[in-house]
1. How many partner chain Cβ atoms sit within 10 Å of a residue's Cβ in peptide B:75-86, on average, as a whole number?
2. Counting only DSSP beta bridges with both residues in the protein assembly as shown, what percent are antiparallel, rounded to the nearest 5?
3. What's the exposure ranking of A:45, C:110, going from fewest to most Cβ atoms within 10 Å?
4. What's the extension gain from residue D:405 to residue D:706 if we count 0.36 nm per residue and subtract their Cα-Cα distance?
5. Between residue D:150 and residue D:744, how many nm apart are label points set 7 Å from Cα along the C-beta direction?
6. Convex hull over the Cα atoms of chain D, averaged projected area in nm²?
7. Of all alpha-carbon pairs in the stretch A:28-96, indicate the percentage at a distance above 14 angstrom.
8. Taking the alpha-carbon set of the stretch D:1-48, what are its Rg and Dmax in Å?
Ligand SMILES: Nc1ncnc2c1ncn2[C@@H]1O[C@H](COP(=O)(O)OP(=O)(O)O)[C@@H](O)[C@H]1O
Ligand SMILES: [Mg+2]
């Protein structure tokens, strides 16, 4: 559950945009990823080694500063966007 | 449908890892994003301006070179991973 | 009429359609495996409901690439009849045999309820048992039935009269509350320009016998096998 | 393979402390060492702890379960198989079972509930039966206000999980029940039931036989998920359970669906001898149980087990509870036919070992013997405990007589009750379940019993699940009886004859004498009722240790009973089958007749609990003779085609039942009863309301009299108001008004 704040993009008036990526935890079955792998194989993509299928959220929020924004997004992830029992999440900051 | 190949990460033996992000197109209603906005509001996050909810895939593949890898991932997106009527996709390259 | 029902891994309404076509309507009916490349002379091809490939990614997206779909496409392009029910409708969208796409239902939940449909066209063989304006009751059971397309595409669809069924209330009125999955223009079922390919979200095969308390769907399946020959459009009913 | 098994470098040293960590008592560990003639290896310890867990061995409940009658002329397979099997006529049999997935669902509601459905479906199709229906019985804690936030999340996740799994596999969920009570705040209950049918000569059992025959592994690969699920289900919750989170299994309903189709096809092929799914304790229980049934042994090469991660240890491979996996034993030399079928469905299959006549399970891994254990003594010789049982210290206090005040305004009381999640409409839940796929559903969720036609026969099956935990908590024996009686009664409302029962016994820790007593008493009550109604118990499941920090759930012995309607057509002479068999008024002018008489206890009633906010006294008495008479009368009237509708009286009593009938289609009634306002809410048992056309009342009343069932005409169906005169006043309300309160109750509560 790494929250790597690589680059905080601060828009006008303390507006931040985070990108949250949520994937099944490594040891947890990812049936969707498997199904897509198989399907790509059937269509003839044979170089594919592995697919992980996850979710991605773009969160635009206002906050006083980077730290607050970061803290808020982290809480959102834990409370709503990701299910820590079966999923890992990462947060990145993007410019608008 | 931008395919911005920002950085090609080449693993051993021509192994590449792409990150594909698929979001509902701007003009298409994003019911899931809206639902998350509402839910975040209900649990007291008030700085949130907007959420876009999409999918994210990590595609590990083998290819002769960057160009082939890039071309293959682009085809995957068009043929399977995204539905152009309702979705846009972007491709990024990540190091393993 | 010789009918074929395509079985994909994850199809789960295949036997239900088979039951109605074969036992209720007494048609020569067979299953077609998704890996086959020929339709074995079937005049009506049904893509049944279910969760082909688990509906992972997007409903119908993976089935659209099955080997048999090339044959289905040729059949459709030659004017042959293709009926897609629920997951089958989603496949028709994913293959491009019908225009548009599906999103998750408006409230993001699976919906298993009876809905009312208004018949918008009666000049198609499919609807030969109904009259325009008829209100039918049919079950829906899906999580991704929220039909969408671009504004222009929808206008085009309407202009060409390709909307065959719409969600309405019991009195036949278009009310937002009756459009449970949130489909654009309350679209429940559409056909292609030629009228020989039909897709709809509700399940006519689940309401085709008196014993189940509802026979409103029988007409559609009867229409699907009506007329004989390879023509899917009702012999030029002047409309 | 004669080397003595040993633990490998890096594996923990097995001693009694480590055994204790695995939930084995000193005595159990000693017995294990004696049995092996040495100290077990790490892998063997894992295996033994799983087989000795409450979940697999039934060590605390076995002694009580023997009380159940398990035989009848219809029973084909009783308890002991993956699912019980009964003859349902016309050459068909039904296989069914119920199972709990309580602990996993509390930890991760979506996956917990989903994999619960997956597991019970596999239990059914391993018997060769095609699943055709599911039920789900759910118990949640308080969902109101701030404190209910976590519970609302659980409700949402459980319902989605059940729906997504069953919907994808394509098995309709046709009924169930949902209850809310603070005793489930720390432990919710998720009990899933599945029913399958097959031709009588096509039934399979999970048996490994014939030395040399190959053992095939099929389905998903083995991962690290769910290791020790069976042990976890055998422990009470505490703060440490949080740390056990990674043991949650993730289900893949798509793989289940193809596994189902491929398995049934393989079983039809004629080369399969035995089939077993990998449920709790995964490969361990499947190998040991299959071998035990066949009186055989097995040699398994763990290097051949398909893995998701190469780093799995033998211990983990044997205990993984990865989902959607099966084991097949085939005729020697014919395994290719099965592999071919599986691969056509896109499934991996590999030969992992063979049947032996050694009576032992020998497991090798990377050239080393990692376990060599006798099968039979571990499976059938698992410890059996007769745990001390005594009435709980507070039983007197629970059963103290309390005065139940009559409502000043019965209509207000009715409205309050209909507005609770307990009595409110459950459509919000079951509309997330596909209830009509397979096109057999005549009556789905929302009635007393679901009814499914059996294609190709003139008959139908009816099914229902019931239990009233408050009754069981106040007086376990009566509660046990009542659960069975209510289920039988629900079946009788649609004219079905009960043919078999399954159950799921959800209790707290059996090491607490009060709870051991509740368990024994509930079972005794259930068994009494089973005997009275001649209903055999053909399968079931026990879930103990449903408690958190000493707070146990109310005793919840969930009962599911399946019934047969021999000639469906006979029931429909008064209208369309779905109208006549569903509960709800539909034809103005029909007479309403109340059958049965009130016994007058209020303990545990909805009125007492939800409006008076107490839970004390005696629950309604269950007079098994009166129940049998009522059910006999209902079946007779159904067969004769007299009834246009029927609904039994249960939670909430007479007024709630009448309101339910009215709300179903917005058609009211005008009637009168001779009781006071309180009795409108009595839950006196052995009662039902039926509707009949005027021309049939004579027949019905005469039959009631002959059968010794009290009967009184209480009014007529019609109008859009519910109007009921009682002794001292009148209840008068627009049906629409009640309906609005009732339908909004649950959606509002779950937010
Ligand atoms: N979790 C559930 N899943 C499916 N159906 C449910 C569920 N909970 C309640 N129902 C349906 O709601 C109706 C009312 O339930 P209940 O009050 O328990 O009925 P009864 O008292 O007749 O046993 C039943 O038809 C039941 O099948
Ligand atoms: Mg009932």
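1. Going residue by residue through B:75-86 and averaging, the value is 6.
2. 80
3. A:45, C:110
4. Using 0.36 nm per residue and subtracting the Cα-Cα distance, I get 104.7 nm.
5. Output for this residue pair reads 3.1 nm.
6. Computed as one quarter of the Cα hull surface, the answer is 29.4 nm².
7. 67
8. Cα-based Rg and Dmax for the stretch D:1-48 come out at 10.4, 31 Å.
Every read-out reported here was derived from the displayed coordinates using simple, explicitly stated rules and does not represent laboratory data. Because the structure is predicted, anything quoted here is derived from the model rather than measured. Every residue, glycine among them, receives a Cβ derived from its backbone with ideal geometry; neighbour counts consider all protein chains shown.
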